[in-house]
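For reference, the structure is listed below as structure tokens.
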Amino acid sequence: MEKSLVSVFLLIIAVAHTLAKDATTKDGKRDTKEDKDTKIKLPQTLSRGWGDYLIWTQTYEEALFKAKSNNKPIMIIHHLEDCPHSQALKKVFSEHKEIQKLAEKFVLLNLVYETTDKHLSPDGQYVPRILFVDPSLTVRADITGRYSNRLYAYEPSDIPLLYSNMQKALKLLKTEL
């Protein structure tokens, strides 16, 4: 009886020691189950990180329909997930409270691919670029950023200009219709 209790006790100690021991990789980093659980990616939403509390459309055609039926302008953001310029602009855009509030007045679409509509790339296909389309489905080519070689490009430091252009897109909507 005493031998079996000692055996069970030693077995419990061995199992506890094995469970408590951190598994490490060759480079010395911890590789615990907790770390693996925290690295789980959440499902991708239509916002793609540009504003999770905003309503985003899935396709350009859906955005055109919603703009016409709701009499709202469209704001189209062309970007790439692995582009550092797009990522920097996304971070500033999503953290800017006034832009997030103003964005509620638009039909929003962010694209990680090019559309077949050539009106959405009037001066070339580059990222990030932001274009506005009014409810009459006219691309607002006159609402541009500060660069002459990439008219619709914005950088994180251009957020005040982007905010101003968003306001301009809404004002044009009221004065033209």
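The values are calculated or read from the model by the stated rules, or taken from the named source; none is laboratory data. Bear in mind that the values here come from a model prediction, so they are computed numbers and not experimental data. These accessible areas exclude ligands, DNA and RNA; they are computed on the full protein's heavy atoms, side chains included. Shrake-Rupley method; radii C 1.70, N 1.55, O 1.52, S 1.80 Å.
Taking 0.36 nm per residue of sequence separation and removing the Cα-Cα distance, the Q100/N71 pair yields an extension gain of 8.5 nm.
Calculated accessible area for the stretch 42-159 comes out at 52 Å² per residue, all protein chains present (probe 1.4 Å; ligands, DNA, RNA ignored). By definition, a body whose alpha carbon gyration tensor gives a ≥ b ≥ c is oblate when a/c is 1.5 or more and a/b is not larger than b/c, and the stretch 60-123 fits this oblate description.
Quick one: grab the alpha carbon gyration tensor of the stretch 89-136, order the square roots of its eigenvalues as a ≥ b ≥ c, and give me rounded if a/c is under 1.5, else prolate or oblate depending on whether a/b is larger than b/c. Oblate, because a/c is 1.5 or more while a/b does not exceed b/c.
Would you mind classifying the stretch 41-177 by shape? Square roots of the alpha carbon gyration tensor eigenvalues, ordered a ≥ b ≥ c; an a/c under 1.5 is rounded, otherwise it is prolate if a/b is larger than b/c and oblate if not. Rounded.
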